[in-house]
1. Just name the residue that is surrounded by the fewest Cβ atoms within 10 Å (Cβ to Cβ) out of those in segment 192-202 that are modelled with pLDDT of 80 or more and in a loop (DSSP other than H, G, I, E, B).
2. Suppose we filter segment 92-114 for residues that are assigned to a helix (DSSP H, G or I), modelled with pLDDT under 70 and small (Gly, Ala, Ser); how many remain?
3. Does segment 265-285 hold any residues that are at pLDDT below 75 and in contact with an Asp or Glu (Cβ under 6 Å, 6 or more places away or on another chain), and which are they?
4. Taking only pairs six or more apart or across chains, which ones have beta-carbon atoms under 6 Å, a first residue in segment 301-314 that is free of Cβ contacts under 8 Å to residues at least 40 places away in the same chain, and a second residue that is surrounded by fewer than 17 Cβ atoms within 10 Å (Cβ to Cβ) and not aromatic (Phe, Trp, Tyr)?
5. So, in segment 241-252, how many residues would count as being within 14 Å of Leu294 (Cα to Cα), more than 31 Å from the chain's Cα centre (by Cα) and surrounded by 13 or more Cβ atoms within 10 Å (Cβ to Cβ)?
6. Out of the residues in segment 50-88 that are part of a helix (DSSP H, G or I) and touching a Leu at 6+ places or on another chain (Cβ under 9 Å), state the one that is surrounded by the fewest Cβ atoms within 10 Å (Cβ to Cβ).
7. Here is a list of conditions, (1) closer than 22 Å to Asp117 by Cα; (2) over 25 Å from the mean Cα position of the chain (by Cα); (3) modelled with pLDDT under 85, and Ser288 meets all of them except one; can you say which number that is?
8. Got a number for residues in segment 120-152 being of a type in the set (A, V, I, L, M, F, W, C), outside any strand (DSSP E or B) and either more than 25 Å from Trp66 (Cβ to Cβ) or not assigned by TED's automatic domain parsing to the domain that holds Met75 (or both)?
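The values are calculated or read from the model by the stated rules, or taken from the named source; none is laboratory data. Here the structure is a predicted model, which is why all the values come from computation and not from measurement. Note that each Cβ is placed from the backbone with ideal geometry, even for glycine, and that neighbours are counted across all protein chains shown.
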Amino acid sequence: MKVLFVVIFGLVANTAHSIENGYEVSVTDSNPPVLHVTPVGTPKYRFVGRECTLWILKKGTKMFHWNHPKEVTKMNEDGAYLEKDYAAFRKERAKISGESTPSFLDWGFYFSLDIWDSKGYGERLIVNTLAQDVMMLDPQRCTPGVPSHEDLLNLWELVGGNKIKELGIVGSRQSNTPNWLFTIDERATASLREAKLDDFLSYEGMGSQPRTVFDWAILDGRYSIKTNAWLATHEPTISKLIQHEELTPTDLEKLKQDSESVLNAAKPNSYPIVRDIESLVSSNSNISTELKKLKIWNEFISRLKVMAKEHNCSQYLEPKS
């Protein structure tokens, strides 16, 4: 049985959750480990021999969560993900895992800082806009070196989710997927809404994949994109597809390049890509309807089917029932 001694210096209620004043958090790698909290200086925590500056995300920062329509509708109607939702989520995850105490990942609800990179995990998108500054663990801000996923699990086991929440830390960045993070506290999820087309049009994200015609076709199938001045200027091929207009040689060349881009990005068992194309195959969107009339579309699908068979994921190309 592990024993955790906690030593807290000068910690008071109005400081424990204060980002403005800051505090230093460290977990020694002694046996037993000791958690020190000092409400001065730059917020830091220490684990596995590393010193890590905590990550402060500013009010107004947007995060993105793809999910199934039913879940997105509920979150949109609720307008927030509250403590009762986290509790229900942890209970369900513990039930699935068979663990009485939720693990590191089972505590949290995922979001991405990239609007596109998790679109394979649901049909509709929730936008989470931070209502206040929040503080998170971030393995990317550690020295020396970035802790492994296992290191982060060890930290969670040593300190515990409740203690981390008490310190004002509302979530963590993933070690192996820097764009992805998960939240454990309602302070980080107080303002949720379903995405609108403008969210995609105005998005200027961090290293997002190129917005190919196939990305737009998937969005059109989910959000019924209507042509507008922005699309006509910045995405003329998309605008023409939506309006069933004749494509020029330049448009066809773009489609060819987009096709090559998607196929070249595919890796063995990369099911999200194949799942995206399955969405296109079964979509009733204007873009998909027009694509299916083109020779380049038929060539693309033929090559994709060969790739899917080689990667043992042909089932993801079956039309939805």
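1. Across segment 192-202, the extreme among qualifying residues is Lys196.
2. Going through segment 92-114 one residue at a time, the tally reaches 1.
3. Of everything in segment 265-285, nothing turns out to be at pLDDT below 75 and in contact with an Asp or Glu (Cβ under 6 Å, 6 or more places away or on another chain).
4. Matching pairs, first to second residue: Ala308/Ser314.
5. Going through segment 241-252 one residue at a time, the tally reaches 4.
6. So the residue we want is Asp78.
7. (3)
8. 1
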